[in-house]
1. Of the residues that make up the range 433-441, is at least one buried (at least 18 other Cβ atoms within 10 Å of the Cβ), of a type in the set (Val, Ile, Thr) and at negative phi?
2. Going residue by residue through the range 164-177, is there one that turns out to be surrounded by fewer than 16 Cβ atoms within 10 Å (Cβ to Cβ), among the β-branched types (Val, Ile, Thr) and at pLDDT below 95?
3. Read through the list (1) at pLDDT below 95; (2) of a type outside the set (Ser, Thr, Tyr); (3) open to solvent by 50 Å² or more (accessible area, probe 1.4 Å), then give the number of the only condition that residue 41 fails.
4. Of these, 336, 342, which one is among the polar types (S, T, N, Q) and either open to solvent by less than 50 Å² (accessible area, probe 1.4 Å) or at pLDDT below 95 (or both)?
5. Looking only at residues that are at pLDDT 90 or above and touching a strand residue (DSSP E or B) at 6+ places or on another chain (Cβ under 6 Å) in the range 180-206, which one is nearest to residue 223 (Cα to Cα)?
6. Name the one entry in 374, 399 that is part of a loop (DSSP other than H, G, I, E, B), open to solvent by less than 10 Å² (accessible area, probe 1.4 Å) and either within 16 Å of residue 79 (Cα to Cα) or modelled with pLDDT under 95 (or both).
7. Restricting attention to the range 346-371, which residues are open to solvent by 20 Å² or more (accessible area, probe 1.4 Å) and either among the small types (Gly, Ala, Ser) or touching a Cys at 6+ places or on another chain (Cβ under 6 Å) (or both)?
8. Report, ordered by the first and then the second residue, all pairs with beta carbons closer than 7 Å, sequence separation of six or more or different chains, a first member in the range 229-254 that is open to solvent by 50 Å² or more (accessible area, probe 1.4 Å), and a second member that is assigned to a helix (DSSP H, G or I).
Amino acid sequence: MSSTMLSRRMILRGLGTAMAMPWLESVCPEARAANVDSSDIKPPVRMGFFYVPNGMHMPHWKPDYEGELKELTPTLSHLAKHRSEIMPISGFELHNGWALGDGGGDHARSVASFLTGAHPYKTGGADIRNGISVDQFAAARLSHLTKFPSLELGLEPSAQSGSCDTGYSCVYSSNLSWRSDTNYVTKEVNPQALFDRLFGNGDSQEQAEVQAIRNRRKKSVLDFVLNDAKRLQHRLGEVDRRKMDEYLHAVRDVERRVAHSIKLEGQEVEMPDYARPQGVPAEFEEHCRLMLDMIVLAFQTDSTRIATFMMTNASSNRPYPQVGVSEGHHDLSHHQNDDEKQKKISKVNAYHAKQFDYLLTKMREVKEGDRTLLDNSMLLYGSGISDGNRHNHDDLPILLAGRGGGALKPGRHIRVADKTPLCNLYVTMLETMGINADKFSDSNGRVANLG
């Protein structure tokens with residue numbers, strides 16, 4: 001706040017608190033006059049990957065036509081208000097998700113290879129080996145631009161040992177992100193820890209003081225940056241003042257809900273296959289939406305440009321009584337063409353899609369000049385398994401949302417050639433992020449017709 005020019009990297013500071021600002025139009029004229037790099041005067045492109053487990057009920061997912069999205073399938077219908085902003089893409093294959101001589105373990109491989117394109121080494125011990133994931137490939141090249149190179153989030157904890165899928169380490173089943181072939185990145189599942197990470201200043205002692213004061217005096221994290229915020233408001237135009245008010249309200253809303261979820265923690269019955277860490281909300285939907293809200297805040301403030309999110313871990317057997325499904329999801333995925341089981345799988349798929357719809361709605365509400373946060377993003381949603389009963393890794397359920405800053409033309413169903421490597425899409429996404437990548441993992445080209 002001491003700079004004479006409004007900076008794109010502006011931070012509101014207070015005891016134990018460092019709150020990044022959203023993209024503000026007021027920055028642009030002054031930044032241009034000062035010949036600031038162009039990345040400081042236009043919103044950046046963000047990239048997110050959202051994984052759902054156990055495949056999909058494909059007849060309710062995949063459109064039976066190509067081109068402009070008109071009539072939507074039952075699962076995609078839950079994204080109907082974003083019809084012009086989504087692009088289901090059929091035909092991709094995850095070749096290294098197949099056994100390739102390793103026998104069972106399709107669920108573990110579906111996660112381990114989803115962002116790496118690699119074939120994980122089959123082991124239940126510590127000698128794990130996989131490959132770098134596309135999010136970490138990008139994060140390594142963009143890390144100097146943001147507070148956090150990337151965020152790795154989910155609703156069920158990452159495992160660090162054990163055997164989970166016919167001889168595959170549980171590490172493979174519960175971690176999407178890999179910095180190298182032996183170095184996986186565990187995900188954050190605790191909303192309070194994520195909130196403190198996003199709005200803390202990195203000084204653990206100061207952050208502990210702030211937490212104690214907040215708990216004792218029922219203060220908001222916003223109280224610690226109030227002076228900076230007031231000084232800033234006087235320097236903004238009317239549109240940006242309104243945008244700041246909306247942003248600060250969103251932060252406070254998330255903060256309240258995080259605190260409320262902690263107070264209620266333990267009052268609901270835990271899911272039988274999911275031991276919740278302390279501080280994690282008992283109610284699935286509120287937990288999910290809190291984490292998604294914080295992805296929006298992180299993207300909005302350019303705290304990071306890259307995020308991954310696992311709805312649940314591979315082989316998750318979580319029931320979904322909130323939509324009338326009392327059986328475990330993984331058990332149902334082995335449906336053996338039973339109509340009733342398939343209907344229930346479709347209900348679970350729809351419920352997950354509704355959470356993604358929530359994210360898209362929140363991102364569309366954030367204005368960035370004449371575009372939205374969603375316009376300036378690429379969000380990949382899907383699974384490394386197509387039909388959970390067959391455990392197949394071809395013709396995957398993949399959907400891309402957002403316009404990638406204008407590089408993508410959604411509102412269509414696209415079909416690529418059968419068995420096109422999913423990593424071809426990653427090469428195209430990397431280039432949209434401004435990262436030169438002629439090849440990534442097992443890619444053999446680009447996806448040419450996305451724009």
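1. The answer is no, given that none of the residues of the range 433-441 is buried (at least 18 other Cβ atoms within 10 Å of the Cβ), of a type in the set (Val, Ile, Thr) and at negative phi.
2. Yes; the residues of the range 164-177 include at least one that is surrounded by fewer than 16 Cβ atoms within 10 Å (Cβ to Cβ), among the β-branched types (Val, Ile, Thr) and at pLDDT below 95.
3. So residue 41 meets the others, but not (3).
4. Among 336, 342, only 342 is among the polar types (S, T, N, Q) and either open to solvent by less than 50 Å² (accessible area, probe 1.4 Å) or at pLDDT below 95 (or both).
5. 194
6. Step by step, each of 374, 399 is checked, and only 374 is part of a loop (DSSP other than H, G, I, E, B), open to solvent by less than 10 Å² (accessible area, probe 1.4 Å) and either within 16 Å of residue 79 (Cα to Cα) or modelled with pLDDT under 95 (or both).
7. Hit for the range 346-371 is 369, nothing else.
8. Within 7 Å, the pairs are 241/233; 252/222.
The values are calculated or read from the model by the stated rules, or taken from the named source; none is laboratory data. Keep in mind that this is a model prediction, so the values were computed, not measured. Glycine also receives a Cβ, built like all others from the backbone with ideal geometry; neighbour counts cover every protein chain displayed. Ligands, DNA and RNA are excluded from the accessible area calculation, which covers all protein heavy atoms including side chains. Shrake-Rupley method; radii C 1.70, N 1.55, O 1.52, S 1.80 Å.
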